[in-house]
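The values are calculated or read from the model by the stated rules, or taken from the named source; none is laboratory data. Note that this is a predicted model, so its numbers are computed, not measured. Cβ atoms come from the backbone with ideal geometry, glycine included; neighbour counts cover every protein chain shown.
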Amino acid sequence: MFEAFYGLSKKPFSKTPDPEFLYLSRAHREALARLKYGVEEREIVVLTGEVGAGKTTLSRCLMDSLDERFKIINIVAPLFSQGELLRLFAIKLGVENPSQYRTELIDEIGTKLFEFYQAGVCPVLIVDEGQLIPGNEGLDELRLITNLQLDDANLLSLVLLGQPELKTRLMSGYFEPFRQRIGIQYHIPALGFEETKEYIAFRLKRAGREEPLFTEAALEAIYRFSGGIPRKINNLSSNSIIVGFGREDSIIDSEVVVDVARDFGFINWKS
């Protein structure tokens, strides 16, 4: 389809994560470094960012970098009722038939964590979409888990990922005890204009095209409408390529990007 027309060997802006297309901006490199440090030190790490900023991609990059000294437990979209998060964590730790009673369940989790500690393994609990944890009870359950520690060492590392509202929730006075336990906290900013251009050029090169595909004005439009959010950049870029192909444009200009932005609701039709 459009790949051959534009000299591409594959789709450069696919929605599915592909390590070959991983572009780490300065902020993403810093975030990844903090994640790794926090996990190695068995800390609580909170990473926030807008939708599509790259939080999940960074968590997968983190998981790929960890060796057998770590046991990864990844939980996504935690829309759990009270107690379910604890039970799921217990099951993934290897607790058979977890108790329905919180006190006993915590003891079972603690026993299993200590077994991993004696074996030289650090469990890493990664909770994605943390802003979806309902009510205060869910975050309280995470606090209870992190209370399981020795006098001189934590028994696990907790990585909590979420949108900016997670950070706002944690600023509540109710969560002061939990907030004081956080060892690493970082918010991923959007890409700047130069980084957006580098991001697009990087992905095009990975897909086999060395020459620019977008005019400077088109790149400015992509940045303006995406706000520097990688997922939005992907949407605008991929659909602009499809539209450009349909119009048989050898180079994609800003008019194409504006039309795509209208289709996706980034601007209204009267703009």
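For region 55-76, does any single residue satisfy the condition of being under 20 Å from residue 138 (Cα atoms), assigned to a loop (DSSP other than H, G, I, E, B), at pLDDT below 95 and not charged (D, E, K, R)? Yes, there is a match, as at least one residue in region 55-76 is under 20 Å from residue 138 (Cα atoms), assigned to a loop (DSSP other than H, G, I, E, B), at pLDDT below 95 and not charged (D, E, K, R).
With the structure loaded, tell me whether residue 80 is in the same structural domain as residue 140 (by TED's automatic domain parsing), under 17 Å from residue 143 (Cβ atoms) and in contact with a strand residue (DSSP E or B) (Cβ under 7 Å, 6 or more places away or on another chain) or whether it fails that test. Here the answer is no, as residue 80 does not meet what is asked. Return the residue satisfying two criteria in turn: it lies in region 203-233 and is in contact with a Pro (Cβ under 9 Å, 6 or more places away or on another chain) and part of a helix (DSSP H, G or I), and of such residues it is farthest from residue 1 (Cα to Cα). So, considering only residues that are in contact with a Pro (Cβ under 9 Å, 6 or more places away or on another chain) and part of a helix (DSSP H, G or I), the one farthest from residue 1 (Cα to Cα) is 219. Check region 184-205 and report whether any residue there is touching a residue at least 12 places away in the same chain (Cβ under 8 Å) and under 24 Å from residue 109 (Cβ atoms). Within region 184-205, one or more residues are touching a residue at least 12 places away in the same chain (Cβ under 8 Å) and under 24 Å from residue 109 (Cβ atoms).
Residue by residue, here is whether (1) within 30 Å of residue 243 (Cα to Cα); (2) in contact with a helix residue (DSSP H, G or I) (Cβ under 9 Å, 6 or more places away or on another chain) holds:
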site	(1), (2)
2	yes, yes
9	yes, yes
17	yes, yes
22	yes, yes
40	no, no
58	no, yes
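Yes or no: residue 182 under 19 Å from the mean Cα position of the chain (by Cα), hydrophobic (A, V, I, L, M, F, W, C) and either surrounded by fewer than 20 Cβ atoms within 10 Å (Cβ to Cβ) or not assigned by TED's automatic domain parsing to the domain that holds residue 90 (or both)? Yes: the conditions hold for residue 182. A count restricted to region 196-242 and to residues that are of a type outside the set (S, T, N, Q), in contact with a Gly (Cβ under 7 Å, 6 or more places away or on another chain) and surrounded by 18 or more Cβ atoms within 10 Å (Cβ to Cβ) stands at 4. Residue 59: in the same structural domain as residue 154 (by TED's automatic domain parsing), surrounded by 18 or more Cβ atoms within 10 Å (Cβ to Cβ) and within 29 Å of residue 150 (Cα to Cα), yes or no? When the stated conditions are applied, residue 59 passes them. Quick check on residue 176: is it outside any loop (DSSP other than H, G, I, E, B) and loosely packed, with under 14 Cβ neighbours inside 10 Å? Against the criterion (outside any loop (DSSP other than H, G, I, E, B) and loosely packed, with under 14 Cβ neighbours inside 10 Å), residue 176 qualifies. Check region 78-87 and report whether any residue there is over 19 Å from residue 154 (Cβ atoms) and hydroxyl-bearing (Ser, Thr, Tyr). Yes, there is a match, as at least one residue in region 78-87 is over 19 Å from residue 154 (Cβ atoms) and hydroxyl-bearing (Ser, Thr, Tyr). Residue count for region 111-129, restricted to those that are assigned to a helix (DSSP H, G or I) and either outside the structural domain of residue 163 (by TED's automatic domain parsing) or buried (at least 16 other Cβ atoms within 10 Å of the Cβ) (or both): 4. The set of residues from region 130-154 being small (Gly, Ala, Ser), closer than 14 Å to residue 82 by Cβ and crowded, with 19+ Cβ neighbours inside 10 Å comprises just one member, 138.
Applying the set (1) without any contact (Cβ under 8 Å) to a residue 12 or more places away in the chain; (2) among the aromatic types (Phe, Trp, Tyr); (3) surrounded by 20 or more Cβ atoms within 10 Å (Cβ to Cβ) to residue 6 leaves exactly one unmet item: (1).
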